[in-house]
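Down below is the structure, laid out as structure tokens.
The values are calculated or read from the model by the stated rules, or taken from the named source; none is laboratory data. Computed from a predicted model, the values in this text were never measured in an experiment. All Cβ positions, glycine included, derive from the backbone under ideal geometry; neighbour counts span all protein chains shown. Surface areas here come from the heavy atoms of the whole protein model, side chains and all, with no ligands, DNA or RNA. Shrake-Rupley method; radii C 1.70, N 1.55, O 1.52, S 1.80 Å.
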Amino acid sequence: MPLALLALAVGAFGIGTTEFVMMGLLPDVADDLHISIPSAGHLVSAYALGVVIGAPLLAAVTARMSRRTVLMALMALFVVGNALSAFAPGNGSLLAARFLSGLPHGAFFGVGAVVATSMVPPQRKARSVSLMFLGLTVANVAGVPAATLMGQHFGWRATFLAVSAIGLAAIASLALLIPRDRGHAASSTGLRGELAALTSLPVWLALGTTVAGFSALFAAYSYVTPMLTDTAGFAQTDVTLLLALFGVGATAGNLLGGRLADRSLRGTLFGGLAALAVVLVLFPLLMRAEWGASLAVTLLGMAAFVTGSPLQLMVMEKAAAAPSLASSANQAAFNLANAGGAWIGGLTLAAGFGTTSPALAGAALAVLGLGVASVAHAVDRRRAAPAPGRVITAHLPEESGALHR
């Protein structure tokens, strides 16, 4: 695999760290800024809102630029956002800085996925995407715990300065390792042409699969701490280590999904969603014992992230005329899944169905994801089939172009 993928992974590591570290720093931030924990929680939402807005917008307006230049510019915006977070004088300015930090997130992964796949043979595309995402999953294992500890010992502002330094390292890595390129003629139709590539039914079904499938993960993961403490009986101090197990599972699942998807993209996607549904159904049983809970958290990360690379690659193939924009839109879909899954899981708790009920809601969402993926597969087969009375070659150019560009 090209060494340039390391530069993308470094950027992904920084982004993953800053996205999730706020959860561990909420009490420190709330105490320092003299606000409540729920008010501090809006800092998480501000970042997610930045991702959803910035992902398709920045990818569209930079479509004709050199992708190497775009990646470096996005990381520069990331550095500025985190530096402003470190020096924010109050809650309002910190909210704005977190929103700014989230803007480049989706576009970086979207453009990065296109760059990663362009540097490898077709049979290794999914694996190249998984190696870029490796930085994100490793951030959950090492980056977030280390950054949280730094914030607790040296103040939360030091954490965001450290993340800014990671961003600078990523810029240097991108400058040294990513090959120089020029603007792309495929994007010469401008913003309207880029957006038009997202209007087809297969693209929307692919994005819908992402939303449903990862909503299943976040419906359960958003409430995994009370499951571990109230149901499995772990002490609060054990939760950080257990969440690291989730990161280990996610890392293994990400790498496995990349390898499997290069052999069968659809098969890996269907298998991953089915495995996720099974794991979530078993959650209430596994949470009755500490060993079972540890296994459940690890398997949750593995089953969910097996589908990450296939989903990213599928969206890119369905919108071959605007792969960067489609890939970035998929990152927005991941964050919509984060918010939607957490909301649905919370509804089950509010209804009094028990601490592990969000996992069962997640299982239902995973089944929904399977359903959407099945519809997408049926639509693809129907579009590929020759119309009655016509030769089969009349339907091949559009489909093969989407698969082999």
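Would you mind finding the one in 81, 54 that is within 30 Å of residue 321 (Cα to Cα), modelled with pLDDT of 85 or more and touching a helix residue (DSSP H, G or I) at 6+ places or on another chain (Cβ under 8 Å)?
Exactly one residue qualifies, and that residue is 54.
What number of residues in segment 289-326 are open to solvent by less than 10 Å² (accessible area, probe 1.4 Å), out of contact with any Gly (no Cβ under 6 Å at 6 or more places or on another chain) and not in a helix (DSSP H, G or I)?
Residues in segment 289-326 being open to solvent by less than 10 Å² (accessible area, probe 1.4 Å), out of contact with any Gly (no Cβ under 6 Å at 6 or more places or on another chain) and not in a helix (DSSP H, G or I): 2 in total.
Select, from 3, 8, the only residue that is touching a helix residue (DSSP H, G or I) at 6+ places or on another chain (Cβ under 6 Å), open to solvent by 40 Å² or more (accessible area, probe 1.4 Å) and touching a residue at least 40 places away in the same chain (Cβ under 8 Å).
Selected residue: 3, the only one of 3, 8 that is touching a helix residue (DSSP H, G or I) at 6+ places or on another chain (Cβ under 6 Å), open to solvent by 40 Å² or more (accessible area, probe 1.4 Å) and touching a residue at least 40 places away in the same chain (Cβ under 8 Å).
Can you tell me how many residues within segment 149-168 are among the aromatic types (Phe, Trp, Tyr) and surrounded by fewer than 22 Cβ atoms within 10 Å (Cβ to Cβ)? Even if it seems obvious, please write down each step before you answer.
Going residue by residue through segment 149-168, those that are among the aromatic types (Phe, Trp, Tyr) are 154, 156, 160.
Keeping just the survivors that are surrounded by fewer than 22 Cβ atoms within 10 Å (Cβ to Cβ) gives 154.
Number of matching residues: 1.
What tally of residues in segment 258-284 results from selecting those that are assigned to a helix (DSSP H, G or I), open to solvent by 50 Å² or more (accessible area, probe 1.4 Å) and either over 20 Å from residue 300 (Cβ atoms) or modelled with pLDDT under 95 (or both)?
3
Quick check: is even one residue across segment 132-148 open to solvent by 30 Å² or more (accessible area, probe 1.4 Å) and either among the β-branched types (Val, Ile, Thr) or touching a His at 6+ places or on another chain (Cβ under 9 Å) (or both)?
Within segment 132-148, one or more residues are open to solvent by 30 Å² or more (accessible area, probe 1.4 Å) and either among the β-branched types (Val, Ile, Thr) or touching a His at 6+ places or on another chain (Cβ under 9 Å) (or both).
So is residue 373 part of a helix (DSSP H, G or I) and open to solvent by less than 10 Å² (accessible area, probe 1.4 Å) or not?
Yes.
If I go through segment 18-29 residue by residue, how many of them are more than 17 Å from residue 243 (Cβ to Cβ) and surrounded by fewer than 19 Cβ atoms within 10 Å (Cβ to Cβ)?
Final tally of qualifying residues: 1.
Test residue 41 against the stated conditions and say whether it is in a helix (DSSP H, G or I) and surrounded by 20 or more Cβ atoms within 10 Å (Cβ to Cβ). Don't jump to the end; show me each part of the working.
Working: in a helix (DSSP H, G or I): yes; surrounded by 20 or more Cβ atoms within 10 Å (Cβ to Cβ): no.
Answer is no for this residue.
For residue 364, state whether it is part of a helix (DSSP H, G or I), over 17 Å from residue 103 (Cα atoms) and open to solvent by 20 Å² or more (accessible area, probe 1.4 Å). Can you show your working first?
Details: part of a helix (DSSP H, G or I): yes; over 17 Å from residue 103 (Cα atoms): yes; open to solvent by 20 Å² or more (accessible area, probe 1.4 Å): yes.
Taking the combined requirement at face value, the residue satisfies it.
Any idea which residue in segment 327-356 is nearest to residue 205 (Cα to Cα), counting only those that are open to solvent by 10 Å² or more (accessible area, probe 1.4 Å) and among the hydroxyl-bearing types (Ser, Thr, Tyr)?
Top of the filtered list is 348.
Quick test of your reading of the structure: residue 233 fulfils all but one of (1) open to solvent by 40 Å² or more (accessible area, probe 1.4 Å); (2) assigned to a helix (DSSP H, G or I); (3) not hydroxyl-bearing (Ser, Thr, Tyr). Name the failing condition by number.
(2)
Between residues in segment 187-212 that are under 15 Å from residue 380 (Cβ atoms) and residues that are open to solvent by less than 30 Å² (accessible area, probe 1.4 Å) and modelled with pLDDT under 75, which pairs lie under 8 Å by C-beta distance while being six or more apart or on different chains?
From residues that are under 15 Å from residue 380 (Cβ atoms), the pairs are 203/197; 204/198.
Can you find a residue that is modelled with pLDDT under 90 and of a type in the set (A, V, I, L, M, F, W, C) anywhere in segment 157-172?
No, segment 157-172 contains no residue that is modelled with pLDDT under 90 and of a type in the set (A, V, I, L, M, F, W, C).
May I ask you to list the residues in segment 47-64 that are in a helix (DSSP H, G or I) and either among the hydroxyl-bearing types (Ser, Thr, Tyr) or surrounded by fewer than 20 Cβ atoms within 10 Å (Cβ to Cβ) (or both)?
Passing the criteria: 47, 49, 53, 57, 61.
Checking residue 75 against (1) in contact with a helix residue (DSSP H, G or I) (Cβ under 6 Å, 6 or more places away or on another chain); (2) among the hydrophobic types (A, V, I, L, M, F, W, C); (3) open to solvent by 10 Å² or more (accessible area, probe 1.4 Å), which single condition isn't satisfied?
Tallying (1) in contact with a helix residue (DSSP H, G or I) (Cβ under 6 Å, 6 or more places away or on another chain); (2) among the hydrophobic types (A, V, I, L, M, F, W, C); (3) open to solvent by 10 Å² or more (accessible area, probe 1.4 Å), residue 75 fails exactly one: (3).
Check off (1) hydroxyl-bearing (Ser, Thr, Tyr); (2) within 17 Å of residue 345 (Cα to Cα); (3) open to solvent by less than 30 Å² (accessible area, probe 1.4 Å) for residue 221 and give me the number that stays unchecked.
All conditions are met except number (3).
For segment 82-95, how many residues meet the condition of being in contact (Cβ under 8 Å) with a residue 40 or more places away in the chain and either not aromatic (Phe, Trp, Tyr) or not in a loop (DSSP other than H, G, I, E, B) (or both)?
Total meeting the criteria: 8.
Within segment 179-198, track down each residue that is over 22 Å from the mean Cα position of the chain (by Cα) and either of a type in the set (Phe, Trp, Tyr) or at pLDDT 65 or above (or both).
If the condition is that a residue be over 22 Å from the mean Cα position of the chain (by Cα) and either of a type in the set (Phe, Trp, Tyr) or at pLDDT 65 or above (or both), then 179, 180, 181, 192, 196 are the ones that fit.
Considering only segment 115-126, state which residues are in a helix (DSSP H, G or I) and surrounded by fewer than 22 Cβ atoms within 10 Å (Cβ to Cβ).
Selection gives 118, 122, 123, 124.
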